[in-house]
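Below is one structure, written out as structure tokens; comments come after it.
The values are calculated or read from the model by the stated rules, or taken from the named source; none is laboratory data. Note that the coordinates shown come from a computational prediction; the quantities given were computed from them, not determined experimentally. Positions of Cβ are backbone-derived with ideal geometry, glycine not excepted, and every protein chain shown enters the neighbour counts.
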Amino acid sequence: MAIYVVFRKSSEDSMGVTYEFGGADHRFDRVLRVSAVDYSVRVEDGRNDHTTVRVAGMAIRGHRADGVWPKAGVHQA
């Protein structure tokens, strides 16, 4: 099974960051929020699927690595 996901940061404040994300169609029709306090993740549509985990993981890894939330990203597998 292949996966392709793209995401982009839509907002950021002291409490966390919000990302829009989607698949190969680049519609960015889903939204998730990552807490800067404890890295908890909340998905707007409530679906915690493989795509959500991948986006949250890439964002959190980027933030842990250099203290900056990634502006955008792509994952293909």
Quiz item: Among the strands (runs of 3 or more DSSP E) contained in the chain, which hold 2 or more residues that are crowded, with 16+ Cβ neighbours inside 10 Å and in contact with a His (Cβ under 8 Å, 6 or more places away or on another chain)?
Solution: 4-13
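The rows are residues; the columns are (1) touching a helix residue (DSSP H, G or I) at 6+ places or on another chain (Cβ under 7 Å); (2) modelled with pLDDT of 95 or more; (3) hydrophobic (A, V, I, L, M, F, W, C).
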{"position": "MET1", "(1), (2), (3)": "no, no, yes"}
{"position": "ARG8", "(1), (2), (3)": "no, yes, no"}
{"position": "VAL41", "(1), (2), (3)": "yes, yes, yes"}
{"position": "ALA59", "(1), (2), (3)": "no, yes, yes"}
{"position": "ARG64", "(1), (2), (3)": "no, yes, no"}
{"position": "PRO70", "(1), (2), (3)": "yes, yes, no"}
